[in-house]
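Have a look at the structure below before the remarks.
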Amino acid sequence: MRSPLLLAFIASSTFAQLSPNGATASFKGSLPPKPTSDLSTEQQSAIEKPLAEVTAQFAAVKNHPRAADADIFIKAVRYALEFHEWYDKKPEDGVKKAHALLDEAAKRIASLKENKTPWMDGSGQKVLGFYSKIDDSPQPYGVEVPEGLEFGKDTKPVPMWIWLHGRGDTSTDLPFVYSRLMAKKPGQFQPKGTIVIHPFGRYCNGWKSAGETDVFESRDDAIARFNVDHNRIALAGFSMGGAGAWHLGAHYPDQWAAVHTGAGFADVKNYTKLTPETYPNWYEQTLWGVYDVPDYARNFFNVPLICYSGEVDPQRATGEYMYGVLAKEGIKPPYLIGAQMPHKYHPDSLKEIQAWIEKAVEKGRDNFPDEIHIQVKTPFYGRVKWMNLHGLEHDWTDARIDAKVTSGSSIEIKSSNVSRIVFYPPPQARKGNGSITVNIDGATLKLRVGPEQAGWENFLSPGKKEQGALCRLIKKNGQWTDYGNDQPFMHEGPEGGKPGAHPGPMDASFMKRFLVVLPDGKSSSDAVDAWVNAESSHFLKRWRGLMRGDARVAKASEIKDVYEAGKTQSLILWGTPESNSCIKQLAASLPVKWSGGKVGIGSQSFDAKTHVPLLTYPALKSMGYEVVINSGLTFREAHDRTNSLQNPKLPDWAILDITQAPSAESAGKVVAADFFDGHWQVIPRVKSPAAKE
């Protein structure tokens, strides 16, 4: 086990984590890469025919609850054909894999017709699927079931590890699914009596964006199938998976019984070795606060953490850096250094890490601890166990809560840069005959304690909502007051502001269910219409290629009531009020205005024939959903060279000059961009904020 005295070793390290062009060693110029050994026209045709046959057979079982278990194979082959994802030494090997997947799909379809799922029986390696709530696409994940383990209904709940894989530029659906189907070797860790799942993570995005959601969806699917103990789930990963464990461990510390981070990056600036002269614009720097783990360091007070680096691994620099960040907060997790190891585990370290995690998992999560510590830069990640940092006084600035149950019916809260708090009084604080005393930042409040909330301990959302179960505090004029138990904070207005469910930026909408709504008419600018058509098509193709799903699409004319459509999904609207009837329905409530040949926001206006607005806004006034106008993912192909750059690149709104052609870095020339304030109002700036030092 490492000594804290080694902290300084890599503080000024010259280890190279990225190549001189800023790319990871595996990057082959694009995601997905061009084929290593592409198929001939004849070979493609030889796959297309059985693919069509199996696809037709699948129609008979598409409504079966386990249809995704077959659909993942069909999609894998379809995408391999579309994007030419053939990465074997010989084309014949790719053909062999495609036919193997189609054969397995046909077998599973036949079983599903008889309402049977034999691939679920017994131990060993399995590959399963689920339909993502984001876009209804079938997504795969692998499972390892140890020999002799009993699982499922009417059995004792079992523990589970979630293992996040490393970067694999060529590990698209077909290679991933084939490797899990044909897997003979178990993973690096073999915890006793424990299921291990291997999420796909939507391919290669650093476990962010839809990849983040994929982890939780695969987890929940496995919980339902294998009767997993909610409180005994560990998160672990190596390389890109280690970065995912840093990120998901810090942002969701209440979800895990233990977290293990193995040799993964944790932030943008330090990992990519940026210096002030190479920093991006101010708002992109601000948006590092979405994922940068140091900004969420104190959250590791809430979950057991163990770290690992190889002694001579360039990635050790991140481990040393994060150990220093955590130490400044008083957090000193065990940190193992694999003697003489490059980017891999030392066998002795594997044993020690496994034993440590198994012990933590056996103990399980404490859902109602006496103390909770929260650190965020966005309320999107503000909930930890029974406490929710719901709103910030100053957006995208460090915000903290330290809460402690101090007596039978008293809670002490210290906060910094917090405007709203929601919390569920834990059982040990419910001893005050229907009331609770809260001492917050020097003020004392007496709050009513509502009914117990069923399922509060289970993951991100409690079960059936119990009216008045939550306590709500709001800061007015620097003073904390009781907002009351019964009324939730609204999405707009001085008492609500940006909600935790959607505080921006635009990219946040692609982590949950969304519908792309294309124009049903034309605008008065051919250039704008051409840009909208090209960029919406670009997004749909990029979503398929990088996020491995077919986005749900509708024409604006198919949406009769935009508010009704927005109750269950975010709406990604492309066009202008002239060309998109949904935007026209919402135009009066949007902060961007089209008038007199101009498009403007706040005090700024631009020629509407050559400028396009991009924004996210809660115009639907529904809980948790919003509209996004003229934007898909804001990180583009140039940022795929390292997963650390696959972060939001634009804030809440932007105006693009489309006379500059779209590129691998931008959809046009950004002539104005900013965040909305905490109440979704345009910030009247005289000049842009200064860049960070």
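What order do you get for 614, 274 when you list them from fewest to most C-beta neighbours inside 10 Å?
Taking fewest neighbouring Cβ atoms as first place, the list is 274, 614.
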Take the alpha-carbon centre of the range 64-127, take the same for the range 313-373, and report the distance between them in whole Å. 36 Å
Per 0.36 nm of contour for each residue apart, how much would the distance between residue 452 and residue 671 grow if the chain were fully extended, relative to their Cα-Cα spacing? 73.7 nm
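As an exercise, take the mean of 1/r over every pair of distinct alpha carbons in the range 45-163, invert it, and state the Kirkwood radius in angstroms.
Values: mean 1/r = 0.0636 Å⁻¹.
One over the average 1/r among Cα pairs gives 15.7 Å for the range 45-163.
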Express the Stokes-Einstein translational diffusion coefficient of the range 553-624 in µm² s⁻¹, to the nearest whole number, given a Kirkwood radius over alpha-carbon pairs, 10 °C and a viscosity of 1.306 mPa s. 122 µm²/s
Proxy reagent accessibility, fewest Cβ within 10 Å first, across 535, 85: 535, 85
For the chain, what does the relative contact order come out to in percent, with C-alpha contacts under 8 Å and a separation of six or more? 11 percent
Taking a label point 7 Å from the Cα of residue 465 along Cα-to-Cβ, the residues of the range 496-532 whose backbone nitrogen sits under 20 Å from it are 496-504, 512-514
Peptides ranked, highest mean first, by Cβ atoms within 10 Å: ranges 427-439, 209-221: 209-221, 427-439
Tell me, in nm to one decimal, what length is gained between residue 412 and residue 621 on full extension, where the rule is 0.36 nm per residue of separation less the Cα-Cα distance? 71.8 nm
Please work out the C-alpha center-to-center distance from the range 229-293 to the range 141-184 and express it in whole Å. 23 Å
At a threshold of 8 angstrom on Cα-Cα distance, excluding pairs fewer than six apart, so keeping six or more, what relative contact order does the range 383-482 reach in percent? 24 percent
Just to be sure I understand the model, the point goes 7 Å from the Cα along the line to the Cβ. What's the resulting residue 57 to residue 183 distance in nm? 2.5 nm
Using the Kirkwood radius built from alpha carbon pairs, what does the Stokes-Einstein equation give as D for the range 383-482 at 25 °C and 0.890 mPa s, in µm² per second? 177 µm²/s
Which whole-number percent is the relative contact order of the range 506-674 (Cα, under 8 Å, 6+ apart)? 24 percent
Considering the range 548-693, what Rg and Dmax in Å follow from its alpha-carbon atoms? 15.8, 49
Full extension between residue 637 and residue 552 adds, at 0.36 nm per residue less the Cα distance, a length in nm of 28.4 nm
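At a 10 Å Cβ-Cβ cut-off, how would you order 273, 649, fewest neighbours first?
Sorted ascending by nearby Cβ count, the order is 273, 649.
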What nm value, rounded to one decimal, do you get for the distance between residue 115 and residue 598 when each label is placed 7 Å out toward the C-beta? 6.6 nm
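Evaluate E = 1/(1 + (r/R0)^6) for residue 82 and residue 439, where r is the Cβ-Cβ distance and R0 equals 60 Å; express this FRET efficiency to the nearest 0.05. Mind dumping the intermediate values first?
Details: r = 60 Å, r/R0 = 1.00.
It comes to 0.50.
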What whole-number distance in Å separates the alpha-carbon centres of the range 587-601 and the range 393-425? 39 Å
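Values quoted throughout were computed directly from the atomic coordinates according to the rules given, and no laboratory measurement underlies them. All values derive from a computational prediction rather than experimental measurement. All Cβ positions, glycine included, derive from the backbone under ideal geometry; neighbour counts span all protein chains shown.
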